[in-house]
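The values are calculated or read from the model by the stated rules, or taken from the named source; none is laboratory data. Remember, it's a predicted structure, so these values are computed and weren't measured experimentally. Cβ atoms come from the backbone with ideal geometry, glycine included; neighbour counts cover every protein chain shown. Each accessible area value is taken on the protein alone, full model and side chains, heavy atoms only, with ligands, DNA and RNA left out. Shrake-Rupley method; radii C 1.70, N 1.55, O 1.52, S 1.80 Å.
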Amino acid sequence: MERTEHHASFGGRQEVWQHASRSTGTPMKLGVYLPPAALKGEACPVLYWLSGLTCTEQNFITKAGAQQFAAEHGLILIAPDTSPRGDDVPNDPAYDLGQGAGFYVNATQAPWATNFRMEEYVVHELPEVVAALLQQQGVKTSGRQGIFGHSMGGHGALTLALRHPGAYQSVSAFAPIVAPSAVPWGQKVFTAYLGEDRTQWLAHDTVALIPGAKERLPILVDQGADDEFLSQLQPELLKAACEQVGHPFTLNMRPGYDHSYYFIASFMGEHMAHHAAALKAAG
Ligand SMILES: N[C@@H](CCC(=O)N[C@@H](CS)C(=O)NCC(=O)O)C(=O)O
């Protein structure tokens with residue numbers, strides 16, 4: 001495990017770490033923000049951010065403006081890469097498949113199944129990696145975890161929270177892909193990673209998971225009304241699914257906002273407050 005970057009930020013520290021991943025069989029990078037409270041020895045909750053298509057660990061830490069709110073609320077922020085990478089890792093020329101497009105599932109199909117194990121990585125390996133690198137720096141955590149993300153990463157945050165009840169105490173998303181089985185991005189990637197059997201896809205589809213959810217963790221979603229990818233996102237499908245079973249759900253449609261990090265940064269403070277409140281209430 002190696003620290004490759006560190007920068008003072010809002011009284012805390014933004015770091016980047018690299019480690020050998022047993023889940024993906026590749027080196028993986030992650031952004032780690034330590035708020036001032038953590039550096040002073042307070043036990044802080046951990047909030048995971050999952051990025052969208054084409055992103056690395058860098059997009060969120062350089063463009064979302066989240067550090068100021070993490071500093072204010074005393075949250076440790078973890079931002080992993082979106083997929084395994086490397087010359088020996090399968091890839092595709094399109095931006096929405098292969099490297100940079102892990103979709104937070106464990107692929108079952110060749111040639112992806114060996115390395116593309118992002119669900120295993122995020123849910124099981126990452127917390128161990130984070131615990132180890134925090135311990136190395138004498139930083140304590142409260143044992144509470146939240147998860148949020150954008151687009152493909154919004155899909156990741158919602159499905160991982162729903163598929164692993166008890167693992168996360170707060171969840172939210174910016175412009176998430178809520179029904180991957182019903183839209184081109186999801187259909188293409190799920191066919192490649194999970195195969196032709198659509199019943200396998202539904203286990204990774206937020207709208208399909210809501211009716212049988214084991215816990216009703218409140219979901220906060222922000223969506224730009226002028227998002228150029230709205231047809232791939234369709235937040236109204238999630239609204240309807242939540243209404244049908246009484247799953248607590250807040251959808252903020254934001255007129256004039258697109259799909260970019262300008263949109264994300266504009267509402268980051270509200271999402272961080274949502275997580276801070278839920279993680280504090282969870283103890
Ligand atoms: N038009 C984009 C589509 C991909 C895209 O918009 N990716 C979003 C997530 S789905 C993103 O966060 N891009 C990186 C950034 O804005 O920093 C491309 O072809 O690169």
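Could you please let me know if Glu215 is surrounded by fewer than 15 Cβ atoms within 10 Å (Cβ to Cβ) and more than 20 Å from the chain's Cα centre (by Cα)? So Glu215 fails the test.
Selection over the stretch 101-122 of residues that are buried (at least 21 other Cβ atoms within 10 Å of the Cβ) and either within 16 Å of the ligand (Cβ to nearest atom) or not acidic (Asp, Glu) (or both) gives a count of 13. Would you be able to say whether some residue in the stretch 190-197 is buried (at least 18 other Cβ atoms within 10 Å of the Cβ) and part of a loop (DSSP other than H, G, I, E, B)? Looking for residues that are buried (at least 18 other Cβ atoms within 10 Å of the Cβ) and part of a loop (DSSP other than H, G, I, E, B), one finds none in the stretch 190-197, hence no.
Restricting the stretch 222-239 to residues that are more than 15 Å from the ligand (Cβ to nearest atom) and in contact with a helix residue (DSSP H, G or I) (Cβ under 8 Å, 6 or more places away or on another chain), the residue that is farthest from Gln169 (Cα to Cα) is Leu237. Screening Ser170, Ser142 for residues that are surrounded by 16 or more Cβ atoms within 10 Å (Cβ to Cβ), more than 16 Å from the ligand (Cβ to nearest atom), modelled with pLDDT of 95 or more and closer than 21 Å to Ile264 by Cα leaves exactly one candidate, Ser170.
Looking at the stretch 150-167, which of the residues that are in contact with a helix residue (DSSP H, G or I) (Cβ under 8 Å, 6 or more places away or on another chain) and among the hydrophobic types (A, V, I, L, M, F, W, C) is nearest to the ligand (Cβ to nearest atom)? Working first, answer last.
If we filter the stretch 150-167 for residues that are in contact with a helix residue (DSSP H, G or I) (Cβ under 8 Å, 6 or more places away or on another chain), which is where we start, we get 150-152, 155-156, 158-160, 162-164, 167.
Going one step further and asking which of them are among the hydrophobic types (A, V, I, L, M, F, W, C), we end up with 152, 158, 160, 162, 167.
Working: Met152: 6, Leu158: 15, Leu160: 17, Leu162: 20, Ala167: 24 Å.
So the residue we want is Met152.
Applying a threshold of 7 Å to beta carbon distances and a minimum spacing of six or more residues, or different chains, the list of pairs starting in the stretch 245-268 at a residue that is in contact (Cβ under 8 Å) with a residue 24 or more places away in the chain and within 16 Å of the ligand (Cβ to nearest atom) and ending at one that is assigned to a loop (DSSP other than H, G, I, E, B) and of a type in the set (D, E, K, R) reads Tyr257/Asp226; Asp258/Asp226; Asp258/Asp227; Asp258/Glu228; His259/Asp227; His259/Glu228. Number of residues in the stretch 248-283 that are open to solvent by less than 60 Å² (accessible area, probe 1.4 Å) and among the β-branched types (Val, Ile, Thr) equals 1.
Taken over the stretch 145-160, the criterion of being open to solvent by 10 Å² or more (accessible area, probe 1.4 Å) and not in a strand (DSSP E or B) is satisfied by no residue.
Which of the residues that make up the stretch 48-79 are part of a helix (DSSP H, G or I) and open to solvent by 30 Å² or more (accessible area, probe 1.4 Å)? Give the steps one after another, and end with the answer.
Restricting attention to the stretch 48-79, the residues satisfying the condition of being part of a helix (DSSP H, G or I) are 57-63, 67-73.
Selection gives Gln58, Asn59, Thr62, Lys63, Gln68, Phe69, Glu72, His73.
In the set (1) open to solvent by 50 Å² or more (accessible area, probe 1.4 Å); (2) under 18 Å from Met272 (Cβ atoms); (3) within 16 Å of the ligand (Cβ to nearest atom), the condition left unmet by Arg85 is number (2).
Among residues of the stretch 58-69 that are modelled with pLDDT of 95 or more and within 11 Å of the ligand (Cβ to nearest atom), those with a Cβ under 7 angstrom from a residue that is open to solvent by 20 Å² or more (accessible area, probe 1.4 Å) and among the small types (Gly, Ala, Ser), sequence gap 6+ or separate chain, pair up as Lys63/Ala265; Ala64/Ala265.
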